[in-house]
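Below is one structure; the comments refer to it alone.
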Amino acid sequence: MEKLFYCSKLDMTIGKICCIGAGYVGGPTCAIIAHNCPSIQVTVVDLSEERIAQWNSDSLPIFEPGLDDIVKGSRGKNLFFSTDVKKEIVEADLIFICVNTPTKNYGVGKGRAADLKYIESAARMIATVSTKSKIVVEKSTVPVKAAESIANILKANVKPGVKYQVLSNPEFLAEGTAVKDLLQPDRVLIGGDQTPEGHEAIQALCWVYGHWVSKDRIITMNTWSSELSKLAANAFLAQRISSINAMSAICESTGADVTEVAHAVGMDTRIGNKFLKASVGFGGSCFQKDVLNLVYLCECLNLPEVAEYWQQVININDYQRRRFANKIIECLFNTVTNKNIAIFGFAFKKDTGDTRESAAIYICKYLMDEGAKLHIYDPKVEEKQLITELTHPAISDDPSRVKELVTIHKDPYKAAENTHALVVCTEWDEFINYDYEKIYGSMLKPAFLFDGRIILDHQKLMGLGFNVITIGKRLQRPNVHRPYAPAPAQ
Ligand code: NAD
Ligand code: UDX
C-alpha cells in the first residue's frame, strides 16, 4: 500500500477527498483522481438527489466520451457519490469546492458578476461541521480574491484545534474532451498562501496530481495569480473566437474565405492554429460567464478601458449569432413566418449533451420571434432539456408558443422533411456523412442549407441543388456589389 502524504503543519494525512458539487467538473475530475489514486477514497457529494442517483446508476448524468468506463472501474471501490454532504465533509482531509458559479441574475452586478452564493454556502457548511483540520481547494471558477473570502468564513467560525489551508486549483477541462483533458492536462495550476503552511498544502495537492501528471506540468503560484489565470485563459480563448468571427464578417463582404485566412494566420507559430474556427458563435457555461466576470472585476477595480476591451469579446459573439440568424431570414426572401426550418444540433459543441448558452438557443429564439416552425434534431440533447432552454423567460415569454412552433425529432431525416431550410448549429461528426441527396429530395424548393459550423462539403451540396450559405465565405449568395464605404448612418 502506498504511503499517504502527511501534512505536519495541519497534523493530518491525505487519505480521504470530498468534492462538493457533482457536476460537469466535480464528477469527471474525481473519477480521474480515484482512477489514478487507488489508496485515496474519493466521495463526490451534491444536494441534488437526482444527480447523485444518476452518478450511481448505469446512465450517468453527463455524456463524456470515455467517462463511463472510468467511473464504473472505480465506483464502489474508492469512488463514491452521496447526498450526505455533512458526513463526507467531516471525514475528508481535502475538500474540492466544485459548485456552480453562474452569472448573477439579480442585485448588484446583475448580468455580469459571478454569483458566489453556492461557494459561500459550501464554505459555511465546511466551517459549521468540521471537527478536524482540512485543506480546502477552490476548483470552481471565481473572481480574484474569492479564496480569501472562503478563508475568512472558515477562520471566523473555526473550532479549537482545527486549522485550514485554502488553495486555488482552477479546472481547465473542456466538455466533450474532459477525460482526455484530465488524464493529460496541458498544466495543473495550484495557487496558495506564500507561507510555510501554504507551501505544505500546495505540496499535498501536487502529490495527489503527481500520481498521473508529470512534475513539469504542475505549476504553483500565489492564490490571486492562480484565480486570475483561469479567467485570463478563458478570456484569451473566447477572444480568439470573436477575433476570427469578426474576420468572418469581413470575408463575407469581400470574397475572402475565413477558413483560408485562419489557416494562414494560424501557421504563424507565434499565433498557433487552435481556436481559430469561425462559427455561429461560442457557447457553453464558461466563456460568456467568465468574460463577464472579468469585465465586472475590471469595473470594480476602476479600469473602465480594460472592461470595455473584454466586453467587446461578448459583443462580437452576440453580433455573430444575430448576423447568422438575419442571414437565414434574408435568404429565405425576408420572411420565415410559418416556414419549416430544420435545426441540426442544439448542444453548444459536439460530443456533449450540454446546452448551456448554446448558440443554437439564440438562433432558435430569433427564428421563433419571426414565427418560424422549427424541427430540431440533436444526437445527445434530451427533449426535456431542449424545451427548458427554449421556454426560459429570457428566450421566450410565451411557453405555449414554443410548443406550437417547435417539434423535436429523433431522426434527422424526418426533421428535414418538407422544410424550406436546414441550419447546422453544432459540429457533430455524424452530420458530415448524412445522405444529403435524400435530404434534398425531401425538402421544399428552393432548398437552403445554412452551415453555421463550416463542416459540410459545400461544393457537393451545391451540386445536389442546395443553396448553401456558410460563415465567412460567399457561396451562392446574391452577388450584390458593395463598395468599400461605411454603411450610411441609420
Ligand atoms: P454544474 O452546475 O454542472 O455542477 C455544480 C453542482 O454543484 C450542481 O450539481 C449543484 O447541485 C451542486 N451544488 C451547488 N451548491 C452545493 C452545495 N452547497 N452543496 C452540494 N452541492 C452543491 O457546474 P459545473 O459545470 O461542474 O461547473 C462548476 C464550476 O467549475 C463552475 O465554477 C464553472 O465555471 C467551473 N468550470 C466548469 C467547466 C465546464 O466545462 N463545465 C470547466 C472548467 C471550470
Ligand atoms: C472552455 C475552455 O476551453 C476550457 O478550458 C474551460 O475549462 C471551460 O471553458 P468548453 O466551454 O467546455 O471549455 O468548450 P470549448 O471547446 O472551449 O468551446 C467553447 C465554445 O467555443 C463552443 O461553443 C465551441 O463550439 C466554440 N468554438 C471553439 C468555436 O466556435 N471555435 C473554435 O475554434 C473553438
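I'd like to check something: does segment 267-290 contain any residue that is hydroxyl-bearing (Ser, Thr, Tyr), away from ligand 1 (no atom under 15 Å from the Cβ), in contact with a helix residue (DSSP H, G or I) (Cβ under 6 Å, 6 or more places away or on another chain) and at pLDDT 95 or above? Looking for residues that are hydroxyl-bearing (Ser, Thr, Tyr), away from ligand 1 (no atom under 15 Å from the Cβ), in contact with a helix residue (DSSP H, G or I) (Cβ under 6 Å, 6 or more places away or on another chain) and at pLDDT 95 or above, one finds none in segment 267-290, hence no.
Restricting the search to helices (runs of 4 or more DSSP H) fully inside segment 168-287 and requiring at least 1 residues that are within 15 Å of ligand 2 (Cβ to nearest atom) gives 178-183, 223-254, 258-266. Whether a residue is surrounded by 16 or more Cβ atoms within 10 Å (Cβ to Cβ), of a type in the set (Lys, Arg) and without any contact (Cβ under 8 Å) to a residue 60 or more places away in the chain was assessed, and Arg187 does not pass this test.
If the condition is being within 32 Å of the chain's Cα centre (by Cα) and assigned to a loop (DSSP other than H, G, I, E, B), then segment 436-456 contributes Gly452, Arg453, Ile454, Ile455, Leu456.
Against the definition (among the aliphatic types (A, V, I, L, M), more than 20 Å from Thr141 (Cβ to Cβ), buried (at least 18 other Cβ atoms within 10 Å of the Cβ) and away from ligand 2 (no atom under 16 Å from the Cβ)), how does Ile52 come out, yes or no? Spelling it out, Ile52 is indeed among the aliphatic types (A, V, I, L, M), more than 20 Å from Thr141 (Cβ to Cβ), buried (at least 18 other Cβ atoms within 10 Å of the Cβ) and away from ligand 2 (no atom under 16 Å from the Cβ). Set side by side, the residues Ile190, Ile218 differ, and just one is touching a strand residue (DSSP E or B) at 6+ places or on another chain (Cβ under 8 Å) and more than 16 Å from ligand 1 (Cβ to nearest atom), which is Ile218. The C-beta contact set for segment 350-367 (first residue more than 19 Å from Leu405 (Cα to Cα) and at pLDDT 95 or above, second residue part of a helix (DSSP H, G or I) and within 16 Å of ligand 1 (Cβ to nearest atom), distance under 6 angstrom, 6+ apart or interchain) comprises Thr355/Gln385; Thr355/Glu389; Glu357/Gln288. Note on segment 110-131: among residues that are of a type in the set (Ser, Thr, Tyr) and assigned to a loop (DSSP other than H, G, I, E, B), the one that is surrounded by the fewest Cβ atoms within 10 Å (Cβ to Cβ) is Thr131. Considering only residues in segment 1-35 that are more than 23 Å from the chain's Cα centre (by Cα) and crowded, with 24+ Cβ neighbours inside 10 Å, the one that is nearest to ligand 1 (Cβ to nearest atom) turns out to be Cys18. No other residue among Ala359, Ala347 is in contact with an Asp or Glu (Cβ under 7 Å, 6 or more places away or on another chain) and either aliphatic (A, V, I, L, M) or farther than 23 Å from Asn245 by Cβ (or both) apart from Ala347.
Reported count of residues in segment 326-380, each being over 18 Å from the mean Cα position of the chain (by Cα), closer than 30 Å to Glu64 by Cβ and among the small types (Gly, Ala, Ser), is 1. The listed residues are Gln459, Gln385, and the only one of them that is closer than 24 Å to Asp354 by Cα and assigned to a helix (DSSP H, G or I) turns out to be Gln385. Output the residue which, of all residues in segment 222-248 that are surrounded by fewer than 17 Cβ atoms within 10 Å (Cβ to Cβ) and not small (Gly, Ala, Ser), is nearest to Phe324 (Cα to Cα). The residue in question is Phe236. Applying the criterion of being surrounded by 20 or more Cβ atoms within 10 Å (Cβ to Cβ) and part of a loop (DSSP other than H, G, I, E, B) to the residues of segment 132-162, the residue that is nearest to ligand 2 (Cβ to nearest atom) is Thr141.
The values are calculated or read from the model by the stated rules, or taken from the named source; none is laboratory data. These figures come from a predicted structure and were not determined experimentally. A quick note on method: Cβ atoms are made from the backbone with ideal geometry, for glycine too, and the neighbour counts reach across all protein chains shown.
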